[in-house]
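Take a look at the structure below.
Bear in mind these aren't lab numbers, they're just calculated from the coordinates by the rules spelled out. What you are looking at is a predicted structure, and each value in this text was computed from that prediction instead of being measured. Ideal geometry is used to build each Cβ from the backbone, glycine not excepted, and the neighbour counts take in all protein chains shown.
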Amino acid sequence: MNKAVTLKGRKEGFQLIVEAQAAMESVFKEVQELKLQLKKDTKAEHALKFFIMTGNRVLTEDEQNKMKAILEDELFKVVSFEADVITLTEARRRHEQSRPRMEVRTVRSGQIIEAEGDLLLIGEVHPGGMVRATGSIFIIGELKGIAHAGFKGRESAVVVANFRYNSQVRIGGNVHVVDEKEESQFNQSDTIEFVYVNDLHIIEVSPLHDLKRIRPEIAKDSGGIF
């Protein structure tokens, strides 16, 4: 009879491989037996780590919690659950995050547009209006209000827009204000620029042609699931 679980040693601890077709009750039973045997054979002075590999199977939250309840004690600790597949719900979530949301409209004072992932706005953001996204923001039009990219903490996000006007740009927890004193500094022949957070965690404004060099990963996002 095929084993439901296989144990392999690795540098950081143990790799516990779960057979994708095995019944979970068999998996839990064998894990319990393995734990008892390991406790007899192991004379460790510190906690041993387990990395649970489930291959073509995704454990539910309840199954993960039960696995932890069986394995974990003062000697054993579950570090991670790793699978070669993802659930349909997770696939859809990743797809929504990687596919830019497009809006064609004017954002007026008091209005807010929010997006999971990247946002492409074709239109204007008036003073008092706000656009925010967990990813980057690309505005084809005038930004006179607030653009908040990476508003859940993603500092690798950027904001691409026309920054000639009084406006406020936020990336993660960083804030940059464009006011009348700065307008004269912009090259009149180059109206589209982008704002990003540099390696010193300071917001910078750069010409659009530097975007691919500074954020090369943006060019690789094509909107697919992977």
Which residue fluctuates the most in the chain, going by a Gaussian network model with Cα springs under 10 Å, if the choices are Glu90, Glu193, Glu25? Glu25
Please tell me which of these pairs span more than 22 angstrom C-alpha to C-alpha: Lys77/Lys152; Lys8/Lys39; Lys11/Lys35; Lys144/Lys212; Lys35/Lys77; Lys8/Lys49? Lys77/Lys152; Lys144/Lys212
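Which FRET efficiency value, to the nearest 0.05, is calculated for Ile112 and Asp199 with the Förster distance at 35 angstrom and r the Cβ-Cβ distance? Walk me through the intermediate numbers first.
On the way: r = 31 Å, r/R0 = 0.88.
After rounding, the FRET efficiency stands at 0.70.
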Of all DSSP beta bridges having both residues in the chain, the percent classed as antiparallel (nearest 5) is 35 percent
Tell me, what is the Rg over Rh of the stretch 5-89, with Rh the Kirkwood radius over Cα pairs? 0.96
How high is the relative contact order of the chain, in percent, with contacts defined as C-alpha pairs under 8 Å that are six or more residues apart? 11 percent
Charges on Cβ only, +1 for Lys and Arg, -1 for Asp and Glu, centred on the Cα centroid of the chain; of Leu119, Ile140, Met24, which one is farthest towards the dipole's positive end? Met24
With θ taken as phi - 60° and the coefficients 6.51, -1.76 and 1.60, list the Karplus ³J(HN,Hα) couplings across the stretch 212-218 in order, rounded to whole Hz; mark glycine and proline as x. 5, 6, 7, 10, x, 5, 5
Karplus 3J(HN,Hα) series, Hz, for the stretch 134-146 with 6.51 cos²θ - 1.76 cosθ + 1.60 (x for Gly, Pro): 6, x, 8, 10, 10, 10, 9, x, 8, 9, 10, x, 10
Considering amide H positions built from the backbone, and no H for Pro or chain starts, which residues 5 or more places from Arg57, or on another chain, come under 5 Å of its amide H? Asp84, Val85
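Hey, can you rank 127-135, 207-215 by average C-beta count inside 10 Å, highest first? Provide the component values of the computation, followed by the final result.
On the way: 127-135: 19.8, 207-215: 12.9.
Ranking, from highest mean packing down: 127-135, 207-215.
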Please list the non-local residues whose amide H lies under 5 Å from the amide H of Phe14, H modeled 1.01 Å from N, same-chain partners needing a gap of 5 or more. Lys49, Phe50, Phe51
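Starting from the Cα gyration tensor of the stretch 99-219, take the square roots of the eigenvalues, sort them a ≥ b ≥ c, and report rounded, prolate or oblate (rounded when a/c is under 1.5, otherwise prolate if a/b is larger than b/c, else oblate). Kindly include the intermediate steps, with their values, before the conclusion.
Details: a/c = 1.36, a/b = 1.03, b/c = 1.32.
Rounded, because the longest to shortest axis ratio a/c is under 1.5.
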Treat every Asp and Glu Cβ in the stretch 99-219 as -1 and every Lys and Arg Cβ as +1, leave all other atoms uncharged, and give the resulting dipole magnitude about the Cα centre to the nearest 20 debye. 380 debye
Cα Rg, Dmax (largest Cα-Cα span) when computed across the stretch 27-67, Å: 12.3, 34
Name the residue, out of Gly141, Gly123, Gly55, whose mean-square fluctuation peaks in a Gaussian network model built on the chain with Cα pairs under 10 Å. Gly55
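At 20 °C and 1.002 mPa s, grab the translational diffusion coefficient of the chain from Stokes-Einstein with a Kirkwood Rh over Cα pairs, rounded to a whole number in µm² per second.
Estimated via Stokes-Einstein, D reaches 102 µm²/s.
If I stretch the segment between Ser156 and Lys8 completely, what's the gain in nm (0.36 nm per residue apart, minus their alpha carbon distance), one decimal? Before the final figure, lay out each step's value.
Working: separation 148, 0.36 × 148 = 53.28 nm, distance 3.75 nm.
Result for the pair: 49.5 nm of gain on full extension.
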Net charge around Asp73, counting only other residues with Cβ within less than 12 Å of its Cβ (Lys, Arg = +1; Asp, Glu = -1)? +2
